[in-house]
1. What does the charge count around GLY95 come to, taking other residues whose C-beta lies under 15 Å from its C-beta (Lys +1, Arg +1, Asp -1, Glu -1)?
2. Listing ASP40, ASP57 from the residue with the fewest other Cβ atoms within 10 Å to the one with the most, what is the order?
3. In whole Hz and in residue order, list the ³J(HN,Hα) couplings for segment 95-103 that follow from phi through the Karplus curve 6.51 cos²θ - 1.76 cosθ + 1.60, θ = phi - 60°; x for Gly and Pro.
4. Select one label from (i) 35; (ii) 82; (iii) 68: the one whose number is percent of Cα pairs over 20 Å apart as derived from the coordinates shown.
5. Using the per-residue mean of other Cβ atoms lying within 10 Å as a proxy for protection, in what order, highest first, do the peptides 88-95, 41-48 fall?
6. Could you work out the relative contact order of the chain? I mean the mean sequence separation of Cα pairs under 8 Å and 6+ apart, divided by the number of residues, in percent.
7. So, with +1 on the Cβ of K and R and -1 on the Cβ of D and E, and no other charges, what is the size of the charge dipole of the chain about its Cα centre, to the nearest 20 debye?
Amino acid sequence: MQRLVITPAVVERDAVLALAGELDLGGEAVLARAVSEMLDAGYRRVVLDCADISFCDSRGFNALLAARQATQDADGVLALAAVPERLKHLLTLVGAEEIFTIASTVEHARLLLAAADRQAEPT
């Protein structure tokens, strides 16, 4: 078992959380805490860099959903970046590609979130 390790970073106006290890029951609270800390710090655009996720089960998927919901509740936007094939397959199986913004790279995710942010701004 490889516990989930999250490395936070800030790139301009975006919070980038690099996830490494297993996203399961043990990682659920770790992810929730990391997202909450970024939202509490005022960041409203959150990218989860999934490149180094080695395993994700239903609890991990629920953790991703909870992160998305927490971000939305804070009037923010969240994207998944560099999603490994196994996780991408899980997301497809449950129809989650319809509810998550998914990008091939962190930079692409940041561009998508910036565009979504601009669209949400009042005119």
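1. 0
2. By the 10 Å Cβ count, ascending: ASP40, ASP57.
3. Whole-Hz 3J(HN,Hα) from phi for segment 95-103: x, 6, 5, 7, 10, 9, 7, 10, 10.
4. Here percent of Cα pairs over 20 Å apart agrees with entry (i).
5. 41-48, 88-95
6. Relative CO of the chain lands at 23 percent.
7. Computed charge dipole of the chain: roughly 20 debye.
Where a number appears in this text, it was derived from the coordinates with a stated rule and is not lab data. Everything numeric in this text was worked out from a predicted model, so none of it was measured. Because the Cβ atoms are built from the backbone with ideal geometry, glycine has one as well, and the counts that use them run over all protein chains shown.
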